[in-house]
Amino acid sequence: MVFIPESPWWLARKNRLQDAEKSLRRLASHKVNIQATLAFIVETDRLEQELEAGSTYWDCFKGDNWRRTEISMGVYCTQVLSGIYLINYGTFFFQQAGLPTDRAFDMSVGFLAVGFVGTLISWVLLIKFGRRTLFVLGLAWLVVLQFIIGILDCIPGRPSGAIWAESSLMLIWNFFYDISIGPVCFVLLGECSATRVRSKTIAAATAAQGVLGIVMTVAIPYMINPEQANLQGKLGFFFGGLAFFCLIWSYFRVPETMGRTYEELDLLFDKKVPARQFEGYRLEGTVSTGAA
């Protein structure tokens, strides 16, 4: 969209400082010191380039970086394993569930609408409840909803009430996805990856998610095609099972990063603090920001 301003960070990295300043003036309120903010962006970019100089992708999997890379890859892959790629086949899925074509299309539009609303709500929930709580609880709800959808599809005769219930639960599933693991994943990607190899860690996580995405792009049409596996709503058992394993992993591995500076996060990972103890763990000589 042409009216959206370019990122001042990207412009600063391209040494287009005047354009970066113009972008900041469009994005920031009148209370913000534009010159000071721009200087901060330039200096931060310089330091990040110095830190990443000489690093390789192999560094992402060495020492403490491996745990941080695992978390980054895990939260990103959880999006795929929980069933988000079904959104690409929404209309067809609702048709196979038993809805008329026009109603299936309406449901697909609703699918996107509730997702948009959920994403907006997540901005508030991220600040109030933090990353770990929102990710784990949201994923737990996704598991429950997927299994209920699968159970409803097993009702003999497939009554219309069960068909509409399945379809409605898919909308609710998408809402919970977009207030939890959907947006929270990207916050955790930036906060859990090690500063020195952050760009490489995110690239590795994106590659892993992309590979799973390719697998699902091939598998889902086969699973919902009436001339192939014809699973219909029983896909809930498949994705519910995958999401359940992701839930167990996230409970033990995903830390709470809200209110922590990057320095504090480095120390917590260096000390090998268990994920469940990140929140409230006291570090001598540091002060948490207490903000998102």
**Fill in**
Sequence order, the stretch 155-169: Karplus ³J(HN,Hα) from phi using 6.51 cos²θ - 1.76 cosθ + 1.60, θ = phi - 60°, Hz rounded, Gly and Pro as x, gives 5, x, x, 6, x, 4, x, 5, 5, 5, 5, 4, 5, 5, 5
**Request:** Report the extension gain between Asn15 and Val218 in nm, rounded to one decimal, defined as 0.36 nm multiplied by the number of residues separating them, less their alpha carbon distance.
**Result:** 68.8 nm
**Fill in**
CD proxy, 222 nm, the chain: helix-only mean residue ellipticity via -39,500 (n - 2.57) per DSSP H run with n ≥ 4, per residue, nearest 500, stands at -23000 deg cm²/dmol
**Prompt:** Which FRET efficiency, nearest 0.05, do Ala113 and Asp266 yield, Cβ-Cβ r, R0 25 Å?
**Reply:** 0.05
**Message:** Ratio of alpha-carbon Rg to the 2.2 N^0.38 Å globular estimate for the stretch 57-277, to two decimals, please.
**Reply:** 1.08
**Prompt:** Any idea what the alpha-carbon Rg over 2.2 N^0.38 Å comes to for the stretch 8-52?
**Reply:** 1.13
**Item:** Mean-position separation - Cα centroids, the stretch 110-166 and the stretch 29-74, in angstrom
**Value:** 34 Å
**Request:** Would you mind ranking Ser55, Ser108, Ser167 so that the residue whose beta carbon has the fewest other beta carbons within 10 Å leads the list?
**Result:** Ser55, Ser108, Ser167
**Message:** Using only the Cα atoms of the stretch 198-256, what semi-axes does the equivalent ellipsoid have when each is the square root of 5 times a gyration tensor eigenvalue? Give whole Å, largest first.
**Reply:** 28, 18, 5
**Complete:** With DSSP loop assignment and no more than 13 other C-beta atoms within 10 Å, the trypsin sites (Lys or Arg not before Pro) in the stretch 41-86 are Lys62
**Request:** Give me the distance in nm between label points sitting 7 Å out from Cα along the Cα-to-Cβ direction at Trp123 and Ile4, one decimal.
**Result:** 1.3 nm
**Message:** Considering just Cα atoms, how many Å³ per residue does the convex hull of the stretch 52-165 enclose?
**Reply:** 160 Å³
**Prompt:** Mind listing the phi-derived Karplus ³J(HN,Hα) values for the stretch 26-36, rounded to whole Hz, using 6.51, -1.76 and 1.60 with θ = phi - 60°, and x for any glycine or proline?
**Reply:** 6, 8, 8, 7, 5, 7, 7, 7, 5, 5, 5
**Prompt:** How many nm separate the modelled label positions at Arg46 and Val211, each set 7 Å beyond the Cα in the direction of the Cβ?
**Reply:** 3.9 nm
**Request:** List, in the order given, every pair from Lys200/Lys271; Lys14/Lys200; Lys128/Lys200 whose Cα-Cα distance in the structure shown is over 28 Å.
**Result:** Lys128/Lys200
**Complete:** For the chain, longest principal axis from Cα atoms; helix 235-253 axis from its Cα atoms; angle between them, nearest 10 degrees, is 30 degrees
**Item:** Nitroxide proxy distance, nm - points 7 Å out along Cα→Cβ at Phe186 and Ser55
**Value:** 2.1 nm
**Fill in**
Rounded to a whole number, the Stokes-Einstein D of the stretch 97-140 in µm²/s (Kirkwood radius over Cα pairs; 10 °C; 1.306 mPa s) is 129 µm²/s
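Where a number appears in this text, it was derived from the coordinates with a stated rule and is not lab data. Remember, it's a predicted structure, so these values are computed and weren't measured experimentally. For neighbour counting, all protein chains shown are included, and Cβ atoms are generated from backbone atoms with ideal geometry for every residue, glycine included.
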